[in-house]
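Notes to accompany the following structure.
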Amino acid sequence: MTLSLIFPMAGQGARFGYRFKPFLTFRGKAFIQAAFQPFRPFLSEIARVYFVFLREQEEEHLVSQRLSGMFADVDYRVVILPASTAGPAETLFECLTRARIEGKILVCDCDHALEVGGLMRLAANDPSAACGLPTWDLTGEPLSSWSVAAIDAEDRVTAIAEKNMPETGAACRGVIGCYYFADADRARRIVGGDKQLYISDIVRTLIREGLLVRSVAVKHATFFGDPTRLERATRSSA
């Protein structure tokens, strides 16, 4: 068990009126519980789970206490940051540094639930892959909600862009926010060296360095990261 599962929870929840998004509810469960649920069949393959959030969130929402009730059966640690970061990449950097995480990592947002079997198989069976991205058909989707990956015929990601199509003729799919990295220290050094903002910036650096980034096509996922998507997901599950 060398795989660490990381849930960054330090965002401000602007799309939900600055409420603490991980504890909003979907289908009677907190977002973080719903996002974690697909990983439960794979707990034997996960060394430890990390939840990352801010000191002010801990004080206002009793995050550690509530997590202890939700995940009593899970080997996890909390990483509490003293202040807001510049963005998701810096939050990841702080988590990796403070918790001294090494080896393989999965970094997953808490505003969706997706089939994760493909990513778990990639992590277990493909030593050539430096990174794996779960990708989604963008038909009917607004690009403003997505990182977009260009993918070749062998499922290799050749380019990635935030909220825009990459400048390439390859087929493109949306990237769901659940990233596999084979080397935590490499990801940490990329952020620390270049002061990256987004997780996709780490992916872009790996591609530029000539490392293999794989697309893992996902057909089943539930999204609840903004009020519109939450309402849609709630209606579809009624």
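The values are calculated or read from the model by the stated rules, or taken from the named source; none is laboratory data. This one's a predicted model, so the numbers in the text were calculated from it and none came from an experiment. So basically every Cβ, Gly included, is an ideal-geometry build from the backbone, and we count neighbours across all protein chains shown.
Annotation: of all residues in the range 65-91 being of a type in the set (Gly, Ala, Ser) and within 20 Å of the chain's Cα centre (by Cα), the one that is nearest to Val107 (Cα to Cα) is Ala89. Checking the condition over 22 Å from Ala34 (Cβ atoms), small (Gly, Ala, Ser) and modelled with pLDDT of 95 or more, which residue from Ala86, Ala129 passes? Within the list Ala86, Ala129, the selection yields Ala129. Is the range 53-73 home to any residue that is among the hydrophobic types (A, V, I, L, M, F, W, C) and within 24 Å of Val175 (Cβ to Cβ)? Within the range 53-73, one or more residues are among the hydrophobic types (A, V, I, L, M, F, W, C) and within 24 Å of Val175 (Cβ to Cβ). All told, Gln37 meets the bar of being polar (S, T, N, Q) and either touching a residue at least 60 places away in the same chain (Cβ under 8 Å) or assigned to a loop (DSSP other than H, G, I, E, B) (or both).
Of all residues in the range 46-65, those being in a helix (DSSP H, G or I) and surrounded by fewer than 15 Cβ atoms within 10 Å (Cβ to Cβ) number 6.
For the range 184-195, state whether one or more residues are in a loop (DSSP other than H, G, I, E, B) and among the hydrophobic types (A, V, I, L, M, F, W, C).
no
Quick grid of which residues meet (1) over 17 Å from the mean Cα position of the chain (by Cα); (2) within 23 Å of Ala35 (Cα to Cα):
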residue: Arg156; (1), (2): yes, no
residue: Ala161; (1), (2): no, no
residue: Glu167; (1), (2): yes, no
residue: Ala170; (1), (2): yes, no
residue: Gly174; (1), (2): no, yes
residue: Gly177; (1), (2): no, yes
residue: Tyr180; (1), (2): no, yes
residue: Arg188; (1), (2): no, no
residue: Gly192; (1), (2): yes, no
